[in-house]
1. So, Asp357, is that one modelled with pLDDT of 95 or more and either more than 29 Å from Thr237 (Cα to Cα) or not assigned by TED's automatic domain parsing to the domain that holds Tyr238 (or both) or not?
2. Pairs, please: C-beta under 6 Å, at least 6 apart or cross-chain, first residue touching a residue at least 24 places away in the same chain (Cβ under 8 Å) and in the stretch 389-408, second of a type in the set (D, E, K, R) and outside any loop (DSSP other than H, G, I, E, B)?
3. Considering the stretch 221-259 alone, what residues qualify as being among the hydrophobic types (A, V, I, L, M, F, W, C), over 14 Å from the mean Cα position of the chain (by Cα) and surrounded by fewer than 24 Cβ atoms within 10 Å (Cβ to Cβ)?
4. Could you list, in sequence order, all residues of the stretch 79-138 that are farther than 14 Å from Ser233 by Cα and among the charged types (D, E, K, R)?
5. Taking the stretch 299-350, which residues are under 20 Å from Phe383 (Cα atoms), in contact (Cβ under 8 Å) with a residue 60 or more places away in the chain and of a type outside the set (A, V, I, L, M)?
6. Which members of the stretch 307-316 meet the condition of being surrounded by 15 or more Cβ atoms within 10 Å (Cβ to Cβ) and either among the small types (Gly, Ala, Ser) or touching a strand residue (DSSP E or B) at 6+ places or on another chain (Cβ under 7 Å) (or both)?
7. List the strands (runs of 3 or more DSSP E) inside the stretch 75-159, counting only whole elements, that have at least 3 residues being surrounded by 15 or more Cβ atoms within 10 Å (Cβ to Cβ).
8. Which condition breaks for Ile203 when tested against (1) part of a strand (DSSP E or B); (2) in contact with a Lys or Arg (Cβ under 8 Å, 6 or more places away or on another chain)?
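The values are calculated or read from the model by the stated rules, or taken from the named source; none is laboratory data. From a predicted model like this one, the values you see are computed outputs, not experimental measurements. Using ideal geometry, Cβ is built from the backbone for each residue, glycine included, and neighbour counts are taken over all protein chains shown.
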Amino acid sequence: MASIFALPRRYTSSMSSTSDDDYPERSSRRRILGAMVGALPAATAASAVASLTAPAAASTGGRGRLALRPAAFDGADGTAIIAIWGHEPAEIQIGWSVASDLLDRKSAPLQLNSQNAFVGSITLSALPSGAMIRYAAFAGGNRISEIGSFRAPFAASVATPDFSLAFSGDTEERHRPFRLFDVMAKQQPDVFVHLGDTVYADIPKREFEPTLRHYRRKHFAIRSDDALQQFASRTLTYATWDDHEIENDANGGHPALGVAGQAFREYWPSRVLDQRGMYRHVSMGKDVELFLLDTRAFRSVQIAENDEEKTMLGARQLAWFTDLYEKSKAKFRLIASSVPMHGASKDAWGNYAHERDIVLAMFRRAFRERDARSIVLSADYHFAREWPRNEKSGIFEFMAGPIGTFLTFSRDNSAKARNSRGEHFVYGDSENFATLRYSQTQRSMTLTYFNSAGKSLHDRVIV
């Protein structure tokens, strides 16, 4: 098999421009050269990265050795990742316990220093399936953070219990505070899936530089939001990235993928299956599985001819996805895609029709042969809608967002009319999110959309 770092002939590093004044234009030669650290050999890149300092976190004050509240990510197979963000050298441990504040179980120590920009993560293991875990950071035997909590991931071998999952996307620094997280918290989801554009690193375009220092600063600004910190400290989070973590309409040939990916993993950590991509999979008991796709790191350039060579996922990720998906015995299969699968824009799956049709055919087979439901969760368009055209084949798609950026319908008067043709739900008057609630007794999923005031907008029951 060819190396995953060998780019197909149709990949390119050029970015398409847009009419939005705040969106970046085609990358300049100076910016591209500044990003080349991401393409250096590992040892060379490491030495270059080591010279960078942490974001200006010391100015936050009031948190001792930590700049931000710890948060829990990417639970799977009895493990979860706790992310730590500091602003001075320290040896940190995570204390944790099941459903109590004893916090008597201690992790191995983590060293925060200038070499890792005072950022790191600790993996907790042997977590009891579905248990409520309470945790906090310790230094020198003293607790130095608030106590957080999350529900441990369900073992693949157990019957899926009742649980809830929230999802949305798109968080831009200029739209803080992200009050939607406070609204989301009232629904008490066990899991949150951020569907990309976790940061708009390329906005405003006059400040954009595709360097590790810049990406870190932008991620730190997002993570500093109080509502996000509070929510993330009490909810197990899974995240994927989209283009604005890199640059507008980025594809697999972008020279800053390496440094952008490093910064993303520092602030939205995940289990690493592929040093380049963000794709992974988690079982949520026997009846529910979540597939998180990477629709950025391997995709062909958008303007390439729409033929069999054009790819959204890349050969390696597509093989991984089809293999796990076809082996699955779960009734409900959740597919997290940063861009809509039924969308027709140049950046969505509709512009990669050959590969999209392969995936949809796989979903249809799973419905015919195993009575499986494929539920695509997507974002990116800055409004909410459902795509019902393939529901008779067991394929559902629900798009949500934004959490905090501009609303498409407020900028494009025709967008609402275009997306409202037919009988389906569409909403774009405010920030929004959706939840999925699994019922063990009914063996069903209930989807509910909420607006920025917490009002329920639309319900669907999938059986």
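1. Values: modelled with pLDDT of 95 or more: yes; either more than 29 Å from Thr237 (Cα to Cα) or not assigned by TED's automatic domain parsing to the domain that holds Tyr238 (or both): yes.
Yes; evaluated as a whole, the condition is true for this residue.
2. Pairs found: Ser393/Arg364; Gly394/Arg373; Phe398/Glu386; Met399/Arg385.
3. Ala221, Ala227, Phe231 - these are the residues of the stretch 221-259 that are among the hydrophobic types (A, V, I, L, M, F, W, C), over 14 Å from the mean Cα position of the chain (by Cα) and surrounded by fewer than 24 Cβ atoms within 10 Å (Cβ to Cβ).
4. Glu88, Glu91, Asp101, Asp104, Arg105, Lys106
5. Ser337, Ser338, Lys346, Asp347
6. Taking the stretch 307-316 as the starting set, the residues that turn out to be surrounded by 15 or more Cβ atoms within 10 Å (Cβ to Cβ) are 310-314, 316.
Gly314, the sole residue that qualifies.
7. Details: elements: 79-85, 90-98, 110-112, 119-124, 132-139, 148-151.
Ranges flagged: 79-85, 90-98, 119-124, 132-139, 148-151.
8. Against the list (1) part of a strand (DSSP E or B); (2) in contact with a Lys or Arg (Cβ under 8 Å, 6 or more places away or on another chain), Ile203 comes up short only on (1).
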